[in-house]
Amino acid sequence: MQNSKDQLDDIFDNFLKRPKIFTDREVLRPDFIPNHLPHRDDQIHQIAKILAPVLDEERGSNIFIYGKTGTGKTAVVKYVLKRLISRGHEIGALIEDCYVNCRLVGTVYRVLLKLGESIDIKIPFTGLATSEVYDRFENALDNKGVLLLVVLDEIDALVKEYGDNLIYELTRVNETLNKGKVSIICISNDLLFKDLLDPRVISSLSEEEVVFRPYTAPELNDILFERADISFKDDVLTAGALNLCSALAAAEHGDARRALDLLRVAGELTERDGDAKVTEEHVRRAQKKIEEDRVVLVLKTLPIHSKLVLCSIYLMKRSKVKNAITGDVYEVYVELCNTLGLEFLTQRRISGLINELDITGILNARVVSLGRYGRTKKIRLAISNVVIKNVFSSDPWMNKIIDYVPKCLLNK
Ligand SMILES: Nc1ncnc2c1ncn2[C@@H]1O[C@H](COP(=O)(O)OP(=O)(O)O)[C@@H](O)[C@H]1O
Ligand SMILES: [Mg+2]
C-alpha cells in the first residue's frame with residue numbers, strides 16, 4: 001500500500017514538474033476568434049463597407065461569401081458582425097444578428113427555429129408547416145421593426161439536401177415587410193455551389209460577392225505566429241516546428257484550421273512526452289495522429305452497406321486475394337449480408353459506394369480494361385488493416401464478421 005502511494009506520488013509529482021507548454025490552449029481551438037486576423041484586411045473592410053448602412057437601419061446588400069475550408073470565412077464574418085452590432089447598439093440602432101451553421105443545425109425547420117429564437121419568438125420544435133413558420137417569423141420581425149442580419153454558414157450543406165427554398169423565401173421577406181428588414185450573408189465552402197441555385201436566388205443573393213483565397217505558407221506563418229504568442233509559453237515553440245505546420249497546411253490547400261490543429265496537437269504530444277520544446281518531429285507525429293483520427297471518424301460514421309463493402313475488401317486482403325475486382329467484392333459482400341440476415345443492394349449500388357469510398361481516400365479504385373469482357377475496377381485499401389480491425393471490432397454489426405472467412409474465397 002505504502003509502495004503504491006509512493007508510485008502515485010511520483011506520477012503526480014512528475015505531472016506537476018513537467019515542462020509547461022501552453023499558457024492557454026483554448027486559443028488554438030477552431031471556434032476561438034482572435035482580435036486580429038492577419039491577411040484578411042481586404043475581406044474585413046469589404047464586408048464592413050457593404051454592411052455599414054445597417055447602422056442607419058437601412059438594409060445592407062446581401063452577401064455571398066465563398067472559399068475553401070479554413071480560409072477564415074467564419075472568423076471574419078463573426079468578427080465584423082460583433083463589431084457592427086456593438087457599434088449599432090451604442091447608437092441605439094434596432095439591429096440584431098443571427099448566426100446559423102446550417103451543416104450543424106441540419107434541417108430547414110431547425111434553421112427557422114434559430115431565426116425565430118434570435119428575435120425572441122417561440123416556435124414549437126415540430127408540428128408546424130414551414131409556411132406557417134415563415135409567416136410567424138415575418139410578422140414578428142415586422143412588429144418589432146428590427147433589421148436582422150442573418151448569417152447562413154456552410155449553406156451548401158443545406159441546399160444540397162433541401163434545395164434553395166429557404167434562401168429564396170428569406171430574400172423575398174423584404175418585399176412583404178413594412179418595418180422589419182433582413183440582410184442575408186451566405187457562406188459556402190463549395191466553390192461550385194452557385195450552380196445548385198435558381199437564377200432568381202442567385203441574383204438577389206449575390207448582390208455582393210466576397211472571395212476568400214487559400215492562405216500561402218508565409219501567410220499561415222504569420223497567423224500561427226500571432227496565435228502561438230498567446231497560447232504557448234515563451235521559447236517552447238521552435239521556428240522549425242512553426243514553419244513546418246505552415247508548410248504542411250499550405251501544401252494541403254492553405255487551410256488555417258489544419259495549421260492550427262497541427263500546432264495544438266504537436267504541443268499536446270510534446271507535453272505528454274514531458275519534452276521541453278516543440279520540434280519538427282512533434283509536428284510530423286501530430287500530422288500522423290490527425291490523419292489517423294480523421295480516418296477513424298470516417299470509418300465510424302459510414303453507412304452500414306459501405307462498412308460491409310469495406311469489410312469485404314478487408315477480408316479479401318486478409319485471405320491474400322490479390323487484385324480485388326468489383327465483381328468479387330460484390331460476391332463477398334452478398335455473403336456477408338446473408339450471414340448477418342440483411343438485405344443486400346444491387347451490384348450497381350455497390351459500385352457507387354466503392355466510388356464514394358475512393359473519394360474519401362479510404363480505398364483506391366482503378367478502372368482496368370478486361371478486353372472484350374468490358375471494364376472493371378481493381379480495388380485496394382488505402383488504410384491499414386489494423387485501423388479497420390480496431391474500429392470494426394467495436395461496431396455492433398461488423399464485430400460479428402470481422403474474423404469471418406467467406407466461403408466464396410476458399411477456391412479463389
Ligand atoms: N486570418 C486569420 N487570422 C487568424 N486566425 C485565422 C485566420 N483565418 C482563419 N483563422 C483561424 O483558422 C481557423 C479556421 O478559420 P474559419 O474562419 O473557421 O475558416 P472557414 O470558415 O473558412 O472554414 C479558425 O480557428 C480561425 O480562427
Ligand atoms: Mg466556416
Do the conditions hold for Ala249, that is, is it farther than 21 Å from Phe22 by Cα and surrounded by 15 or more Cβ atoms within 10 Å (Cβ to Cβ)? yes
Please give the helices (runs of 4 or more DSSP H) falling wholly within the stretch 1-120 in which 3 or more residues are surrounded by 12 or more Cβ atoms within 10 Å (Cβ to Cβ). 41-51, 73-90, 102-105, 108-118
Among the candidates Pro30, Pro53, Pro38, residue that is closer than 19 Å to Asp222 by Cα, at pLDDT 90 or above and of a type outside the set (Ser, Thr, Tyr): Pro38
Only one of these conditions is not met by Tyr66: (1) out of contact with any His (no Cβ under 9 Å at 6 or more places or on another chain); (2) away from ligand 2 (no atom under 16 Å from the Cβ). Which number is it? (2)
List every residue pair whose Cβ atoms lie under 7 Å apart, where the two residues are 6 or more positions apart in sequence or sit on different chains, the first residue falls within the stretch 52-65 and is without any contact (Cβ under 8 Å) to a residue 24 or more places away in the chain, and the second residue, located anywhere, is part of a loop (DSSP other than H, G, I, E, B). Pro53/Gly60
Considering only the stretch 5-20, I want to know if a residue exists there that is touching a Leu at 6+ places or on another chain (Cβ under 8 Å) and more than 14 Å from ligand 2 (Cβ to nearest atom). no
Return the pair list, or none, for Cβ contacts closer than 7 Å from residues in the stretch 68-86 that are outside the structural domain of Glu57 (by TED's automatic domain parsing) to residues that are at pLDDT below 95 and more than 13 Å from ligand 1 (Cβ to nearest atom), at least 6 apart or on different chains. none
Leu158 passes all but one of (1) within 16 Å of ligand 2 (Cβ to nearest atom); (2) outside the structural domain of Phe64 (by TED's automatic domain parsing); which number fails? (2)
In the stretch 171-211, anything farther than 24 Å from Gly116 by Cα, surrounded by fewer than 20 Cβ atoms within 10 Å (Cβ to Cβ) and among the hydrophobic types (A, V, I, L, M, F, W, C) is listed as Leu191, Leu192, Phe193, Leu196, Ile202, Val211
(1) in the same structural domain as Glu281 (by TED's automatic domain parsing); (2) modelled with pLDDT under 95; (3) within 12 Å of ligand 1 (Cβ to nearest atom): which one isn't true of Glu252, the others all being true? (3)
Taking the stretch 253-264, which residues are touching a Lys or Arg at 6+ places or on another chain (Cβ under 7 Å), within 16 Å of ligand 2 (Cβ to nearest atom) and in a helix (DSSP H, G or I)? Leu260
All-but-one check, Gly127 against (1) outside any loop (DSSP other than H, G, I, E, B); (2) on the phi > 0 side of the Ramachandran plot, failing number (1)
Is there a residue in the stretch 188-205 that is in a loop (DSSP other than H, G, I, E, B), of a type outside the set (Val, Ile, Thr), within 16 Å of ligand 2 (Cβ to nearest atom) and modelled with pLDDT of 90 or more? yes
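Residues are listed down the side, and each one gets a yes or a no for (1) of a type in the set (A, V, I, L, M); (2) farther than 30 Å from Thr130 by Cβ:
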| residue | (1), (2) |
| --- | --- |
| His45 | no, yes |
| Arg59 | no, no |
| Glu90 | no, yes |
| Leu104 | yes, no |
| Thr107 | no, no |
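The values are calculated or read from the model by the stated rules, or taken from the named source; none is laboratory data. For clarity, every value in this text was computed on a predicted model and none was experimentally measured. With ideal geometry, Cβ positions are generated from the backbone for all residues, glycine too; neighbour counts draw on all protein chains shown.
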